[in-house]
Amino acid sequence: MVDRTVTRRDFLLTGAKGGAALVVAVHLPASDLFAEEARGDGFHPAAWIRIDAEGIVSVVVDEAELGQGVLTTLPMIVAEELEADWSKVKPLMPPRDPSSWVRPISTGGSTSTRTAWDPLRKAGAAAREMLREAAARRWGVPIPETRAEKGEIIHAASGRRLAFGELVEEAARLPVPDDPPLKDPADYTLIGRPKPRVDLPEKVDGRAAFGTDVALDGMRVASVEQAPAFGARILSVDDSGARQVDGVLDVFRVPQGVAVVARDTWAALRGREALRVEWDTSPSAGLSSDALFGELEGLMDEAGEVEEERGDVEAALGPDPVTADFRLPFLDHAPMEPMNATAWVRDGGVEVWVPTQVATASQEAAARVAGVRPSRVVMNVTFAGGGFGRRLETDDVELAVEVAKRVDGPVQVLWTREDSIRHGAYRPLTVHRLRGAVAGGRVAGWHHRAAGAGGRGLVVPGMASPPYRIPALRADYHLKETAVPVGAWRSVSYTHMGFVIESFMDMLAHRAGADPYRFRRAHMTEPRLRAALDLAVEKAGWDRGAPDGRGLGVAAVSSFSSHAAEVAEVSVEDGRVRVHRVVAGIHCGRVINPDTLRGQVEGAITLALGYTLKHGITVRDGAVVQGNFTGYPLMRIDEMPEVEVYTVPSEDPPTGIGEPPVPPLAAAVANAVFAATGVRVTELPFTREALRA
Amino acid sequence: MSVTFTVNGERRTVEVPEDTPLLWVLRDTLQLKGTKYSCGVAVCGACTVDVDGQAVRACVTPVSAVQDGRVTTIESLGGEGLHTLQRIWIEEEVPQCGYCQPGFLMQAALLLERTPEPTDAEIDREMAGNLCRCGTYSRVRRAIHRAARERKEAGHG
């Protein structure tokens, strides 16, 4: 099992069994998830390696394990440089007091591997050099005559060898080298070769503890009736029925609604069912997806904030540009583990158990709600049953602490599936109008106007920079803040920008009478994206074309420092799209753990197929219409295409993989539908009506 | 009411309201947390358990329905060790977040009991009620095929 109990103090002072330990701290850049907004405060020491007298190498992984394999990938980087025995390398969770940690603990933006690559290699190398020096001193031989291998320092000339654990006491007294030599990648034995994920044994036999699985002595369970419409206010509460339910212990108001606290989950759910709350939903009267689409589409004729402008766009567009309007709905993340958090308010502090992507922000949120200092909040971050950006929010912790303030003992606040879908942090609804012109087989002009129901960071990035050489380009936008809560959804604004820009590029290729792949390639400015594109089309057999009755479509998007191209093969029957095959070409620098990486790409494609073909969130009368997987259907196994993943061989530093394979998929499928049927789909998710048009 | 049934080979009696879903008896009363809550309405399969050799969605099965029955959960799918599927699940790196995987494994194990060498279509039919947001489906399919092969070679098929 993954050890989740390290404290900073334990870590610094001693090994697992007491006694000597070699501890190495190095520097990690602060999370650059929202680097555009928050640049600046430099470097903090944050990567910790500890080698104890038993030779166990512990590596603190200050990132959330969401299924992306970070508990394995990051220690692999350390172990490679350290020349550790992989069987003795263990990930450790970050401290339970995130405020004591040297950077915010936050997992998002596909940054974990990218930001860890240099510092973790350096940390591993520094520890290796210290161990070599300690061994050399003990043996009285020059350091260059020693080498590290599989957890030992070896002196080849004399055949002597010492295990790391036997050297830590002396090594710990040596200065940490500033600039230790890094390995020649040609000598890598771990990086680039598949290693089994360390979190899997407990994920196949029921032991892995997610947030919902927290079990504490005397723990109560609460279910909270939250506002049925955004911004709704309570008019009256009749809790008489709820209180009669066997096992219900208390019912009270919290700022988010009405909490039913019970002995166990079933009593809490039944109590909540018996609760009668009258709400004033007038604050969000008239708030609906339809109204928002109408309002935002009305802005398409008005110039917006300019994100990018170059060349004389109107002149370039000429009298007969290609035009297209696109619309995309709100999206819920819908991780399989519903939202939940457990909190215990006592002795002037709070203890929290939560499956979160943001330990530090959660600690601060709990402190704010409880009115204590962050250092008085103990954070227990559990495995997360999916994140996808939903667990970058802290509403789960805030609600749990609000309830816990009124409960004697620990209380788990479990959201139902309906609570989770109706109280999300949605990918904003957006609309887009594109106009473009081709001349002499080249894109001459491009105008993209977007409008979105959210803030700039969730709507706009990706808009200014289609990955193509375009002489005259304008990108402008309108933003409308609404009462619908919005947030970062795996690949954020690229979920819509990838679809819109790559669908439109396809339309321009057709206007030019060009092959969509070659048209893209001829305009492409980023060589790594071009390499990914070439790889995907080669593996997909693009030039062979699709089998009869099917179409091939391609799309390519750079996002989060990585580059992804996808080819989809589809057929359409009676308005239903069947995706038969998706071939992905990825350029993400050097690959650390190849099988895990492939899994991330497969998963990203599946997630993107969901929002392409199956689901969207609809707001009506200020409330989310969908409530469960019946109304918000996910992809199923029987709908899955064959998915093939290829990576461009590269010695570049690794970049992220969680998000970048999402953005091209919807456009690749839409472009394939066009190839198969001649119908251009400009709205997600696809509807049968659109496909019959 | 009082309900008696066998869970993972052990006879247990619980005192709960009779409409209590098996899911909450397993998770809250018996502290078997491997069986997961996700949808509550039998459309995702995360709560799948084996009741008398049938795959059952515990979230909508009243505990009274399993009186005298035999329930097996993920905690004892492999008996003392690992079920072939569990071992292959690790080797093929099927799980990502892992939350839905106990349900997938329980469903897949019952599929192999009835259909030792399932086709893709049979896997699709049997597994279509299990949802995975991480998108592990192609690996689920591959792992089931491989388990079928290995069980056949080992003479269990």
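Key figures
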| item | result |
| --- | --- |
| Relative contact order of chain A, pairs being alpha-carbon contacts under 8 Å that are 6 or more residues apart, as % | 13 |
| Tensor-based shape of the protein assembly as shown (alpha-carbon gyration tensor, a/c under 1.5 rounded, otherwise prolate or oblate) | rounded |
| Sum of -39500 (n - 2.57) over DSSP H runs of 4+, divided by residues of chain A (222 nm, nearest 500) | -8500 deg cm²/dmol |
| Proximal aspartates and glutamates to residue A:405, defined as alpha-carbon separation beneath 15 angstrom and excluding residues fewer than eight positions away on the same chain | A:250, A:347, A:351, A:396 |
| Relative exposure of B:1, A:219, A:76, A:463, judged by other C-beta atoms within 10 Å (fewest first) | B:1, A:219, A:463, A:76 |
| Full-extension gain in nm, residue A:469 to residue A:439, via 0.36 nm per residue minus C-alpha separation | 9.5 nm |
| Packing-based exposure ordering (other Cβ within 10 Å, fewest first) of B:145, A:333 | B:145, A:333 |
| Ranking of A:615, A:510 by count of other Cβ atoms within 10 Å, fewest first | A:510, A:615 |
| Karplus 3J(HN,Hα) series, Hz, for the stretch A:334-342 with 6.51 cos²θ - 1.76 cosθ + 1.60 (x for Gly, Pro) | 6, x, 5, 7, x, 4, 5, 7, 10 |
| In degrees, nearest ten, helix B:101-114 long axis to first principal axis of chain B (Cα) | 70 |
| Residues of the stretch A:623-660 with amide N under 14 Å of a point placed 7 Å along Cα→Cβ from residue A:182 | A:651-655 |
| Additional length obtainable on full extension of the chain from residue A:406 to residue A:158, 0.36 nm per residue less Cα span | 82.4 nm |
| Rh by Kirkwood over Cα pairs, then Stokes-Einstein D for the stretch A:317-357 at 0.890 mPa s and 25 °C, µm²/s | 156 |
| Helical segments meeting 20 Å axial Cα length and Kyte-Doolittle 1.0 threshold in chain A (DSSP H) | A:663-677 |
| Shielding by partners - mean other protein chain Cβ count within 10 Å, residues of A:335-341 | 6 |
| Derived scalar couplings ³J(HN,Hα) [the stretch A:219-235; Karplus, 6.51 cos²θ - 1.76 cosθ + 1.60; whole Hz; x for Gly, Pro] | 5, 9, 10, 10, 10, 10, 7, 8, 3, x, 9, 4, x, 5, 10, 6, 9 |
| Shielding by partners - mean other protein chain Cβ count within 10 Å, residues of B:118-130 | 2 |
| For residue A:215, distant residues with modelled amide H under 5 Å away | none |
| Candidates B:138, B:38, B:64: whichever shows maximal mean-square fluctuation once chain B is modelled as a Gaussian network with Cα springs under 10 Å | B:138 |
| Shape metrics for the stretch A:156-297, restricted to C-alpha atoms - Rg then Dmax, Å | 29.4, 85 |
| Loop-located GluC sites (Glu not before Pro) in the stretch B:1-34, at most 12 other Cβ atoms within 10 Å (DSSP) | B:18 |
| Residue A:249 long-range amide H proximity, modeled H, under 5 Å | A:261, A:262, A:263 |
| Amide H partners (placed H, <5 Å) of residue A:591, local residues excluded | A:650 |
| Chain B - convex hull of alpha carbons, volume per residue in Å³ | 102 |
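Any read-out appearing in this document is the output of simple, stated calculations on the displayed coordinates, not a laboratory observation. In this text, all values refer to a predicted model and were calculated from it rather than measured experimentally. Using ideal geometry, Cβ is built from the backbone for each residue, glycine included, and neighbour counts are taken over all protein chains shown.
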